[in-house]
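Everything on this sheet refers to the single structure shown next.
The values are calculated or read from the model by the stated rules, or taken from the named source; none is laboratory data. As the structure is a computational prediction, the values presented were derived from the model and not from experiment. Here the Cβ positions follow ideal geometry from the backbone for every residue, glycine too, while neighbour counts run over all protein chains shown. Accessible surface is based on the protein model in full, side chains and every heavy atom, while ligands, DNA and RNA are left aside. Shrake-Rupley method; radii C 1.70, N 1.55, O 1.52, S 1.80 Å.
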Amino acid sequence: MSTALIDLRPANMSDCDALAAIHNEAWLNAYRGLLNGVELQRLVSRRSPGWWKGALDRGVTIKVIEVADEPAGYATYGPCRLQNLAAEGEIYELYLKPEYQGLGFGRTLFGSVRKELKGRNLEGLAVQVLSENQPARNFYRALGGKLGAKTWYRSAGKRFELSIYVWPETTSG
């Protein structure tokens, strides 16, 4: 047992149940009312513990934030997949259980990932956010992200706008 209240560490196979639960809770909290309920349940159900085991087997980089020895959130990240942006790194996902949101844990996780991307010599950072997800947009703006572009996502026959926030340099969190 650790004496630290907060721990940031790479995910491992023993985290797969917790990652699935965090994803489920965070997605239902963030996207209920924005995505069709049936489609949201379908998307959430895809991320079973087995999906997370496969992601780790494929080498997906996942960082877990623990609070009092309990996984409270995660981030997935790596090289930027988006074209024509001043960013070599990207946070693909950053989610916290709802009860840990608004307490600074997301900022801590974000800062840790930024520092790791910088350590990999990936300058600049990008994050895609559902444009209708105002709390997420506010979070990334508060961290200094600038709206760099917009793109689209199609789900269950509906078109959703994505806002892409960019930090040209990854030096601080």
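Below, the figures for the structure above:
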quantity	calculated
Fully extended contour minus Cα-Cα distance, from R159 to K53, at 0.36 nm per residue	35.1 nm
Cross-link reach list, lysines versus K118, counting only Cα pairs under 17 Å and skipping chain neighbours closer than eight places	K63
Spin-label pair L5/L103, simplified geometry with 7 Å Cα→Cβ offset, distance in nm	0.9 nm
In order through the range 20-30: 3J(HN,Hα) via Karplus (6.51 cos²θ - 1.76 cosθ + 1.60), integer Hz, x for Gly, Pro	4, 5, 4, 4, 4, 4, 5, 5, 4, 5, 6
The range 22-173 - convex hull of the alpha-carbon atoms, volume per residue in Å³	118 Å³
Radius of gyration and Dmax over the Cα atoms of the range 100-173, both given in Å	13.4, 40
Calculated on alpha-carbon atoms, Rg and Dmax of the range 46-119 in Å	13.2, 41
Other-chain or far-sequence residues with amide H under 5 Å of I6's (modelled H)	A68
Cut-off 10 Å between beta-carbons: net charge of the residues surrounding Y165, Lys and Arg +1, Asp and Glu -1	+3
All aspartates and glutamates inside 16 Å of K97 as judged from Cα atoms, apart from same-chain residues fewer than 8 positions distant	D7, D15, D17, E25, E66, D69, E70
Per residue accessible area of the range 58-137, 1.4 Å probe, in Å²	44 Å²
Straight-distance crosslink candidates among aspartates and glutamates, where the alpha carbon sits under 16 Å from K146 and sequence neighbours closer than 8 are dropped	E88, E90, E123, E169
Residues whose placed amide H lies under 5 Å from that of S131, excluding near-sequence neighbours	E161, L162, S163
Longest site-free stretch - the chain; sites: trypsin sites (Lys or Arg not before Pro), DSSP loop, at most 15 other Cβ within 10 Å	1-57
E93 long-range amide H proximity, modeled H, under 5 Å	T76
Environment charge of L34, counting only residues whose C-beta is closer than 14 Å and scoring Lys/Arg +1, Asp/Glu -1	+1
Cα centroid separation - the range 1-54 against the range 58-112, whole Å	12 Å
